[in-house]
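First comes the structure, then the notes that go with it.
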Amino acid sequence: MCNGFYLAASKAPPLVEWYEGAAFSVAPLRENEAGLRGCFSLPHVVRLGAYSGCSCGFGYSETAGADEKASSRASQSALIAYLAEAAAASGHVELYMTWWPGDTRPPERTLHWELEALRKAGTFDMEEGDFAIVSRDERPLTQANDD
C-alpha cells in the first residue's frame, strides 16, 4: 500500500495535475483524507504525488535501479521548488508523511527545515510518521523527536 504525503499552508497552494511522465503533482484531499486537516496547524491541506502518481516515488530503496533513482530525485527537486513558492506565499509550510493515505495517527518525529538549506541539499529524507516544518528563516536542517 502507498503511504500518504501531505502539505499544509496558510494560503491555498496551487494544484498541479498529474499526467504520465510528470515528476510531481498536487491534488486536493480525497474524502477519506479529510481527517488529516486536524494533523496540521495551517488550514490549506493538499496531497502530494511523485513521478509514480502516488507519494511512494519520492523515495527509493537501496536496490533501486538508476532510472528509479533519477525519477525520485526529479520528484524531490520539483517538490523543493514547489515548497519555495509555497513558503514564499505562506512564510512556512508543513509536510506530513503518513503510513497510508488518510492515516490520522499523530506524527512520531518533527523535523525543522530551512528552505535555503533544503535547496542546497537538493534532497530530503522523510519516513512514515515524520512531520516537517519548512520555513524561510535561516535555520539549519535539524530534527527533534516529539515524545
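Since every read-out is calculated from the coordinates, none of them should be taken as a lab result. Note that the structure is a prediction, hence the values are computed from the model and not measured. Positions of Cβ are generated from backbone atoms using ideal geometry, with glycine treated the same way; all protein chains shown enter the neighbour counts.
Below are the figures for this structure:
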item: Dmax and Rg, reported as Rg then Dmax, of the range 4-145 (C-alpha, Å); result: 14.0, 39
item: Excluding exposed DSSP-loop GluC sites (Glu not before Pro) (at most 12 other C-beta within 10 Å), longest clean stretch of the chain; result: 63-126
item: Spin-label pair Leu15/Ala66, simplified geometry with 7 Å Cα→Cβ offset, distance in nm; result: 3.8
item: Kirkwood Rh (inverse of mean 1/r, distinct Cα pairs), the range 1-88, angstrom; result: 13.5
item: DSSP beta bridge pairing in the range 4-145, given as percent antiparallel to the nearest 5; result: 80
item: Total charge dipole magnitude, the chain, about the Cα centre, Cβ charges on Lys, Arg, Asp, Glu only, Debye to nearest 20; result: 360
